[in-house]
1. ³J(HN,Hα) across region 225-238 via Karplus (A = 6.51, B = -1.76, C = 1.60, θ = phi - 60°), whole Hz, x for Gly/Pro?
2. Return the percentage of antiparallel bridges among DSSP beta bridges fully within the chain, rounded to the nearest 5 %.
3. Test of understanding: express the Cα radius of gyration of region 121-260 as a ratio to 2.2 N^0.38 Å, with N the residue count.
4. Just to confirm my numbers, what's the Cα centroid distance between region 1-54 and region 191-212 in Å?
5. Taking N as the number of residues in region 47-192, what is its alpha-carbon radius of gyration divided by 2.2 N^0.38 Å?
6. Go ahead and estimate [θ] at 222 nm for the chain from helices alone: -39,500 (n - 2.57) per DSSP H run with n ≥ 4, summed, over the residue count, rounded to 500.
7. What lysines sit close enough to K2 to cross-link, taking a C-alpha to C-alpha distance under 27 Å and skipping anything fewer than 8 places away on the same chain?
8. Show me 240-252, 125-137, 28-40 ranked by packing, highest mean number of other Cβ atoms within 10 Å first.
Amino acid sequence: MKRPTLKEINRKAEEMALEDAHRWLLELSEEFGDSVQKIADKYYKKLEAKRKEIERLNAMMAIENDVRHKGYCYIGGVDEAGRGPLAGPVVAACVILPEDTIIYGLNDSKKVSPAKRDKLYDEIREKAVAYGIGIADHTYIDRVNILNATKKAMETAILSMKVRPDFLIIDAVKLDLDIVQKSVPKADAVSVSVAAASILAKVARDRIMEKMDIKYPGYGFARHKGYGTQAHVEAIKKLGLCPIHRRSFTSGLTESETAV
């Protein structure tokens, strides 16, 4: 029988589950020596990383597990994106995840790269029991203030869901809904449901702002997503305000009311 090359061994290992690949490589290393042992060591490190990730995610399920033990079934994590920008909407999301669902890499959206957020966005929507997204635009923000607009976006997200939550986990916002709610500081970092909501809200809002970059060129919306970066402020001073700028956030930045 032809002796497999290291390239062939690597390729076969990549096609196997991590645990199976590591076990197979260890057995193979008895015959092939250090060259295969080094590959086995790489798979051991991958297994350790996977174990630590599962531990992290299990810790982020503690709130949901405690709530389930109290008899609640449909636990919705709620979060928003876009409270601070000078332009565009505030977007909120609510997500109900199945019990014990593992979504590798799930975390507070601010700690996840844009490319990873896009992948998580699809996986969350695929695995969720239900999810909803709500939007409050710049005109509504100016009319009622950002806090009330955020609440409205959250309520819209929740009420749009195909399965109504019987318990909500939210960070520092109380909603006018007949659903039991728990306020958890920095919830997107300690709850899988809220972390999932933060990903959906962030990606949904970023995509809106990327479209606005095409509609209103020159402001850099695709880059800074409407936040008050130096480049954005300079663009406002040069071009004036465009229709999606929040007037309540941009007072005094320019004498020009609206860019054409």
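1. 6, x, 6, x, 6, 4, 4, 5, 4, 5, 5, 5, 5, 7
2. Details: 14 of 21 bridges.
Of those bridges, close to 65 percent are antiparallel.
3. On the way: Rg = 17.1 Å, N = 140, 2.2 N^0.38 = 14.4 Å.
Relative to the rule-of-thumb radius for its length, region 121-260 sits at 1.19.
4. One Cα centre to the other: 37 Å.
5. Numbers: Rg = 15.3 Å, N = 146, 2.2 N^0.38 = 14.6 Å.
My calculation over the Cα atoms of region 47-192 gives 1.05.
6. Values: 12 runs with 139 residues, N = 260.
Estimated from H runs of four or more residues: -16500 deg cm²/dmol.
7. K12, K38, K42
8. Details: 240-252: 16.1, 125-137: 19.5, 28-40: 14.5.
Order by mean packing, descending: 125-137, 240-252, 28-40.
Here, each number is a calculation from the coordinates, and none is a lab measurement. If you're wondering where the values come from, they're calculated on a predicted model, not measured in any experiment. Because the Cβ atoms are built from the backbone with ideal geometry, glycine has one as well, and the counts that use them run over all protein chains shown.
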